[in-house]
1. Taking a threshold of 21 Å on the Cα-Cα distance, which of the pairs LYS355/LYS409; LYS476/LYS497; LYS497/LYS526; LYS119/LYS355 fall above it?
2. Working with all protein chains in place, sort ASP167, ASP288, ASP552 by solvent-accessible area computed with a 1.4 Å probe, largest first.
3. So what are the ³J(HN,Hα) numbers for the stretch 20-37, from phi and the Karplus equation (6.51, -1.76, 1.60; θ = phi - 60°), rounded to whole Hz, Gly and Pro as x?
4. Just order 291-298, 436-443, 322-329 by mean Cβ neighbour count inside 10 Å, highest at the front, would you?
5. LYS562: which aspartates and glutamates have alpha carbons under 19 Å from its alpha carbon, excluding same-chain residues fewer than 8 sequence positions away?
6. Read phi for every residue in the stretch 102-119 and hand back ³J(HN,Hα) as whole Hz from Karplus 6.51 cos²θ - 1.76 cosθ + 1.60, θ = phi - 60°, with x for Gly and Pro.
7. DSSP loop (so not H, G, I, E, B), at most 10 other Cβ within 10 Å: list which GluC sites (Glu not before Pro) in the stretch 17-97 pass both filters.
8. Projecting each Cα onto the charge dipole of the chain (Lys/Arg +1, Asp/Glu -1 at the beta carbon, about the Cα centre), which of MET561, LEU153, GLN452 comes out farthest on the positive side?
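The values are calculated or read from the model by the stated rules, or taken from the named source; none is laboratory data. What you are looking at is a predicted structure, and each value in this text was computed from that prediction instead of being measured. Neighbour counts are summed over all protein chains in view; Cβ atoms, including those assigned to glycine, are modelled from backbone coordinates with ideal geometry. When the accessible area is computed, the model is the full protein with side chains, heavy atoms only, and any ligands, DNA or RNA have been set aside. Shrake-Rupley method; radii C 1.70, N 1.55, O 1.52, S 1.80 Å.
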Amino acid sequence: MNMHSHTLSVLVRKVAEGRRFTTSVLFVGIVAFYYFTTAGNLSETDDVYAFAYRAENFPITHISDPRLMLYHMLMRGLYVVGSAFSLDISALALMRFFSAMCAATALILVIRILTLNFKLSNFTAGMAAIVLGSSYGFWRYASEAEVYIPAILLCLLIYHLLAQYLDSQKLEKCSTGFKISLVGSVAGLGVLFYQPAVIPLFFAFPVLFITKEYKEGLVLLAQYLIPGSLVVGIGYLAGYFLYWQATFSLHSFIAFLSQRSDEFMIPTLSVKTVFVSLIRSAFSLSHDLVSANWIFGFDVVVQLINRAFSNNVIAEEVFLAQRAGWIVYFPIVSLILLLVVASRIVIVSWPLSLKRVLDTQTVTIIVWLLLYGAVVGRLNPAGIEAWIMALPPLMILLAVFLFEACVVKQKQSALMVFAGLLLVHNFVGGMFLVKNPEHEYDRVKGAWVISQATVNDLVIVTDNAGLAEAMRYLSKSQIALISSRTAPVLADALLNKRLPIISISTFGRDFGGQSITALIEQAAKKSGRIILFEEFYQTNNKVAMNLSKDQDSLTRLQRAMKRVHASSEVGSTYVMPANEFANR
């Protein structure tokens, strides 16, 4: 064992032993590392701007997203507390710091799980934590205003506690039943925090109870599941009565819980859809391990991805990668080297130890990965963010079957080289590319709105929820999100002073249900302006023909409005005083 591996082993041993000073120093170091490598370009994230806006502006009882009910409540609470202490900090910065602290704690928990629960070597545990911490999905979201890393922390914590309390050697030393019930209650809170966490918490982790005698195992399992289920049920009922307006019924309760269910487009199950889902899942999970941001700098690859991921908009990723210059070529080399070293690790570890497969804890982790993968693979296989939650069980299995075998055979150097290459690759081909906020698609597209729009202005966005959420958070203006199908009708109404007779409403999470006519009239009363992006005028002609007889209305509206910002890459921005339409 060389000096570096010895140092890592000593550090891990002290963390596993609960040495407070060492653990605290490691915690602070990890938090600092993630916070100072935070992305400035948020284009690849789905909900960050929406979550930060919600924390700053919506009351704590606003539960339009029950899947993350407690997460949103906690983030709102943190922001309110920070404001009460006169902290001049945005919700975005506060939420990012919170995630960084959760990431550091999660990695420390991985060390403890692998050393104390799985009884692996200190070096193996340390390498697993390093590889997980430098995998792109974990690193990218380790200091982001998102739920994934905090949810990972909750899952790891509950697993660690269950494994500890169910240790047969400790059953006689503590009131295990009470502690199991307490952990079950926390697991219930975990589901309220992030609903998909129900998969590991209540469907995979019960496998741990198989280690007990039949009757004893059933009793302990009930002590875990019943309190957890009660917490989930009571929590959602409380959320319903706090937010939902309808009189309580089973139908209305289901409607409350499924507010965002329409976001998933689930294809009919067939051999073809399974095959396509496997390809999409493999790409998404691989990207969370080894960054693929750089590949969007190559036109041939972009065309292939557009065909394979037809429902996923990648304009932001392409815009980002095409500004990286020669940097996109370096990850080709690092990726090849990673594959070579990974192959070496597999060869060294072969044949795999099948004894571990029979271990209850290993089976639990396998069930966690398979169940979660099956659900995400069916509902959202191309969702790169969703696959981040699969990284911890995957990394634990790699540690059990590959990393530990390398240590036993005195091949620690292969693991160290792999971890080093992964860190360099994901920095150059991932985090470095997203460092510059000036390369963020939505910021560039909405540059004029961000710098010039006022609270009296109304920005109308068609279809692009991500752009609407970014403009709502980054600018002072009012934002309306409408379907591009209604753009010709709205254009015709604006040009011909027929706003009162049209019935067009906004749609989307926290944008929906507002009358576009009322919003425009409100802007006119305040001497505000109507602001449109290029996409408003690019409605598909086949759609437009079904909705408006006046096919040139979009073109005439574009000519009538003043172009204030032009870009060949992201399109132009158009403005006109709202009262011009009212007085026309």
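1. On the way: LYS355/LYS409 17 Å; LYS476/LYS497 27 Å; LYS497/LYS526 18 Å; LYS119/LYS355 14 Å.
Those over the limit are LYS476/LYS497.
2. On the way: ASP167 40, ASP288 0, ASP552 70 Å².
So, going from the largest accessible area down, we get ASP552, ASP167, ASP288.
3. For the stretch 20-37, the Karplus-derived couplings read 5, 5, 4, 5, 5, 5, 4, 4, 4, x, 5, 4, 4, 4, 5, 5, 7, 10 Hz, x marking Gly and Pro.
4. Numbers: 291-298: 22.6, 436-443: 18.2, 322-329: 14.8.
Final packing ranking: 291-298, 436-443, 322-329.
5. Straight-line reach from LYS562, under 19 Å: ASP457, ASP492, GLU534, GLU535, ASP552, GLU580.
6. 5, 5, 4, 5, 5, 5, 5, 5, 4, 4, 5, 5, 6, 7, 8, 8, 8, 6
7. Numbers: sites: GLU17, GLU44, GLU56; in loops: GLU17, GLU44.
Those that pass, being in a loop and sparsely packed, number zero.
8. Ranked along the dipole, the leading option is LEU153.
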